[in-house]
Every structure is written in C-alpha cells, then in structure tokens.
Amino acid sequence: MSNAVSPAGPSDPRKALRAEAIHFILNGSARAETGVSPTMTVLDWLREQARLTGTKEGCAEGDCGACTVALRRGGRWLAVNSCLLTMGQIDGAELLTVEGLTPPGAALHPIQQALVETDGTQCGFCTPGFAMAMFAFADGGEAADDATIHEALAGNLCRCTGYRPIVEACKRIAGIENPPLTQPSPPKGGEGFSLLPPRPLGGEGRGEGEVFHTPHTLADLIALRAQHPDAMLLAGGTDLGLRFSKGREHPAIVISTAQVAELQRIASDGTALTIGGAVTYTDALPHIDAAFPSFGALVRRIGSRQIRNLGTLGGNLGTASPIGDTMPCLLALDASVRLASMRGVRDVLLADYFTGYRQTVLAADEVIESIRLPLPRDSEGFVVYKVSKRFDQDISAVLAAFHLRLDGGKVASLRAAYGGMAGVPKRAGATEAALIGRPFAAEALHDLDGLLATDFRPLDDMRASAAYRLRVAANLLRRLQLESSGMPLHLEAL
Ligand SMILES: Cc1cc2nc3c(=O)[nH]c(=O)nc-3n(C[C@H](O)[C@H](O)[C@H](O)COP(=O)(O)OP(=O)(O)OC[C@H]3O[C@@H](n4cnc5c(N)ncnc54)[C@H](O)[C@@H]3O)c2cc1C
Ligand code: FES
Ligand code: FES
C-alpha cells in the first residue's frame, strides 16, 4: 500500500497547527492540544512538549517497555507502548503516565512502594515502564500467580535488577485498589469535554499538510478510503508505528479504523466465529480461547500485552507478512476475509488472499471488514505450534498450524499451514496430499523431509537457516502425529 508522506524537515508537519484540537485526559486533567502533529508519537509529545520525562525511550520499537503508559477508553486501563502510539490515536481517551500515579509531594503509590520494598529497581531506567505495566495489571484484578504475572510483564525488559524482585513486587500489589489519580477524571460526556467528541465523519483532525481521520462507521470508512486510496490505513499501529517512531514519517492523510463500530464486532453463530477487522488481540482473546484453545495460547505469545492491547487481527492480515503469526492459523482453519468498499463486499478465502511477498488481493479502495473462522467439528482437531528463539515477545522462525480429521486411524482430512517457510504464509499441499488416506503413524512420516522440500524453499536469514526451518517443519508434523496418538510428550501446547 502506498502512502502520501510528508517528509519531516524544515517544514516539519509536527509543528503544523491543527485546526481541530486533540482531546484527551492526561493524568486526570482534560487537555485539548492544538499545534501537535497527529502522527507525532505520544512518547515524543510527553517528553518534548509536555515535559513529562518520567516515561523513557529505550528501543522506540515496542520491544523494551520503557515507554509504557496506561490508556483507557471507557473500560479498564491497558498498558501500551507510547513509542508506537500516535497523538491522533489518543483523541477521546484517557492517558496515565508515571507522573500521574501520585500527586507531587505525596506518598508513593503502592506499586512504587512495593518496588522499593522488594529492591525491584537499580538504575531505574526501566522502572516507570514496569510501574505502569503493574498499574494496568492491578487494575485488571488478575490472579497473582507466576504465569499471569510473567505474561503481564513480558513486554518490559530490565537490564540490571533481575526479574525476581519485580515479580515479587507485582505479587504484592495484585488486587490492590488503585488510589485515585492526581485529579478526578471528568465524567464521560461531562460539560466542556466528551470522551468521544462528535466530529464530521466521526472525527477529523486537520493540520497543515496532515489529516487524521477517525471515522466511526463503516460507511464513512469506505467513503474515505475511496476518496483517499493512497492514505495510510491505521489500525493499532504496532506495525506501522515504526514508521513514525524510527522512520520519522508523517503521512499526509491517515485513516484510523480503531473507532469504526462495525469493525469492532465479534459474533459466533455456532458454525463460525467472526472477528471485526479492528478488534484488538486483547478483546479477541477470550473468544479465540473458547473456540480454539491452541490458537488462544498462540495469541498470548504475539508480542507482549502492550502490543496485544493495540494490535489487531486485521492489521496482521494487512501486513501479509510471511512471518505473521495468525495467518497460518487462518489458512489451516479455512478462514475467509470480508473485504468492503463503496463497490460492495466480497468474501475471499485466505487461500486466495495472498498474491506474493507482502501482496494481497486487497484493492486500494478496500478495507478488511471482518475475518470468519469456521469452528472445528467434534471429530476435528486444530493445533498451533510456534517456534521462536524466545518464548515471549519474539517473531516466529517457523509457525505450524494443523487442522486434522482422523477416521479409523487414517487421515481423513489435513490442512497443514506454515509461516516462515516461504514468501507468503502457505499450505503444504504436496505433504497434505501424500498423507490423506493413509494411517497417521510414524511410518507414514518417513518421507516427510523430502515432501516438505517440494512444498517449501525457505530462506536463510538471521532467525534461522533454511535447513533448520525444513527440519523444524517436519518435526512439528511428527509432533502432531505423536500427540494425536496419545503419546505423552510433557510439552506445553505450543
Ligand atoms: C514488539 C513487537 C512484537 C510483535 N510481535 C509479533 C508477533 O509475535 N507475531 C506477529 O504476527 N506479529 C507481531 N508483531 C507485528 C504486529 O504487532 C502485528 O502484525 C499486528 O497484528 C499488527 O496489527 P495493527 O493493528 O497494529 O496493524 P497496523 O500497524 O495498524 O497496520 C498494519 C497493516 O495492516 C493494514 N491494515 C490494518 N487494518 C486494516 C483493515 N481493516 N483493512 C485493510 N488493511 C488494514 C495497515 O494499512 C498496515 O498496512 C509485533 C510488533 C511489535 C512492534
Ligand atoms: S521505547 Fe522500547 S518499547 Fe517503547
Ligand atoms: S533497573 Fe536498570 S534496567 Fe531495570
């Protein structure tokens, strides 16, 4: 997708005055910011313009968590990476930074106190980010078990303290009532401020050379898309955010999908689960967990909580990355995407969606409205295996998703889809054909390496060699055979 990008420089559009202000609540106080580029990152704005320098910049690419702040739009507080988030995205939301945890001169917030008491900080660079991730964890009222805490903190790196005392601090604050913020938030829709101010086309911010559209309906979204086929279409920004934070790009026109009501829907009719194109991983997770537990376990390994709180399934499909985690799952499930434009809607099977490396059938005026995932029947199994160098917060070297039906010990049907094995996420057609109709036993898998080598010619890159990828791909299918034969492997689902 091409984008109309205004280069930063002497006429840096970040300095352009916006006709309309960006409204949000910062640490309990209502703000209406003019003179801010809607594609400036929240981290840059906090540090450079609000002079709130408690929020740190480590990697500026979503990996370290030093920039973590809490964001709320009506529901619970969510931890997000402010280095990937743009000012346009926080319009109508509440933002809490480490400075907002306690009023100046007041006693430490219980989270900060717990970090002090457990010796959970040394150089302190990572500490504001940890404190905000812990704040969101406490706000969610979650269990204080190790697995939940490790998951909640997986997006935060610490170079010097070691994680044990930080985990201990997190255990101490689990379930605490977060004390009131610096100033009480104005009520939703309160006088002079509305959390979702009504705007033309559901919200439009204009700056000199920059426009950030926030439509609220699908009709407005596709009308804007037809009008601006070269505009940047932005969902959570966990992929595109790097172009703002590292690339310093300022696209002339951005169209956000995040507030479009139809793209936020999740529905199940007993035969399929349908997830709107702008539903975040966090919101989709309980539904995916219930329908496809192994897929749910995979979603918990996509990035970190900070990434999943903004990132979407629609955005993953939008990237069409050969190492995107959800796409092999959708291929193996025989899922389809609904593409919408002013010309109408069309449903495209995932198998027909990819046309080449990071290329799809999506036309310039189309958006992904929803993704339809057929539910497996009782006799069918669906399993996902992700192989990456680290368990958390890492991109896959190889990802395999298998949809299997056995009949009398024979393979009645098999869809074996892989990521990381080709320029596109792809099914192993030759391997599937060779196995269908045969007993699903170790002997049937002898030729596996040769079969997979006809299906895939994987790349050598920094994540893995081609030979490693082929070996892993074969071993994951062997693992499926062992697990489906009931052999106890003492391994996690992934
Ligand atoms: C630290 C970090 C860790 C990550 N870990 C993983 C991981 O483990 N696994 C993984 O798969 N990915 C990972 N990612 C990549 C990213 O988080 C995912 O691809 C995510 O799903 C992108 O969703 P988004 O909503 O943020 O997309 P965006 O960045 O907003 O958009 C991505 C692309 O999709 C397009 N798009 C978005 N919505 C639509 C729509 N409705 N219709 C048409 N096009 C659309 C956009 O135009 C853009 O081209 C990681 C990223 C970071 C920064
Ligand atoms: S600065 Fe590292 S995640 Fe944002
Ligand atoms: S205390 Fe130094 S990075 Fe965590």
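The values are calculated or read from the model by the stated rules, or taken from the named source; none is laboratory data. For clarity, every value in this text was computed on a predicted model and none was experimentally measured. Cβ: placed from backbone, ideal geometry, glycine included. Neighbour counts: every protein chain shown.
Laid out as a table, the results:
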{"read-out": "Residue among Ile173, Ile111 that is touching a Pro at 6+ places or on another chain (Cβ under 9 Å) and in contact (Cβ under 8 Å) with a residue 60 or more places away in the chain", "value": "Ile173"}
{"read-out": "Region 322-358: number of residues that are modelled with pLDDT of 95 or more and in a strand (DSSP E or B)", "value": "14"}
{"read-out": "Set Leu108, Leu115: member being over 23 Å from Pro251 (Cβ atoms), away from ligand 1 (no atom under 16 Å from the Cβ) and part of a helix (DSSP H, G or I)", "value": "Leu115"}
{"read-out": "Residues that are hydrophobic (A, V, I, L, M, F, W, C) and under 22 Å from His403 (Cα atoms), drawn from region 268-296", "value": "Ala272, Leu273, Ile275, Ala284, Leu285, Ile288, Ala290, Ala291, Phe292, Phe295"}
{"read-out": "Residues (within 14 Å of Leu95 (Cα to Cα) and part of a loop (DSSP other than H, G, I, E, B)) located in region 17-53", "value": "Asn27, Gly28, Ala50, Leu52"}
{"read-out": "Filtered residue count, region 63-77, keeping only those that are crowded, with 21+ Cβ neighbours inside 10 Å and within 16 Å of ligand 1 (Cβ to nearest atom)", "value": "7"}
{"read-out": "Conditions (1) out of contact with any Lys or Arg (no Cβ under 6 Å at 6 or more places or on another chain); (2) within 28 Å of Asp220 (Cβ to Cβ); number of the one not met by Ser388", "value": "(2)"}
{"read-out": "Residue match in region 424-434 (condition: surrounded by fewer than 16 Cβ atoms within 10 Å (Cβ to Cβ) and not in a helix (DSSP H, G or I))", "value": "no"}
{"read-out": "Residues that are of a type in the set (Gly, Ala, Ser), within 16 Å of ligand 3 (Cβ to nearest atom) and at pLDDT 95 or above, drawn from region 135-165", "value": "Ala154, Gly155"}
{"read-out": "Qualifying residue in region 233-243 (condition: surrounded by fewer than 23 Cβ atoms within 10 Å (Cβ to Cβ) and part of a loop (DSSP other than H, G, I, E, B))", "value": "yes"}
{"read-out": "Residues satisfying the stated conditions in region 78-95, i.e. away from ligand 2 (no atom under 16 Å from the Cβ) and within 19 Å of Ser29 (Cβ to Cβ)", "value": "Asp91, Gly92, Ala93, Glu94"}
{"read-out": "Region 446-476, subset under 27 Å from the mean Cα position of the chain (by Cα) and crowded, with 17+ Cβ neighbours inside 10 Å, residue nearest to Val424 (Cα to Cα)", "value": "Pro458"}
{"read-out": "Residue among Ser413, Ser388, Ser379, Ser370 that is touching a Gly at 6+ places or on another chain (Cβ under 6 Å), polar (S, T, N, Q) and on the phi < 0 side of the Ramachandran plot", "value": "Ser370"}
{"read-out": "The lone exception for Ala60 - which of (1) touching a strand residue (DSSP E or B) at 6+ places or on another chain (Cβ under 6 Å); (2) within 16 Å of ligand 1 (Cβ to nearest atom); (3) over 24 Å from Leu298 (Cβ atoms); (4) not β-branched (Val, Ile, Thr) it fails", "value": "(1)"}
{"read-out": "Hey, Asp334 touching a His at 6+ places or on another chain (Cβ under 8 Å) and of a type in the set (Asp, Glu) or not", "value": "yes"}
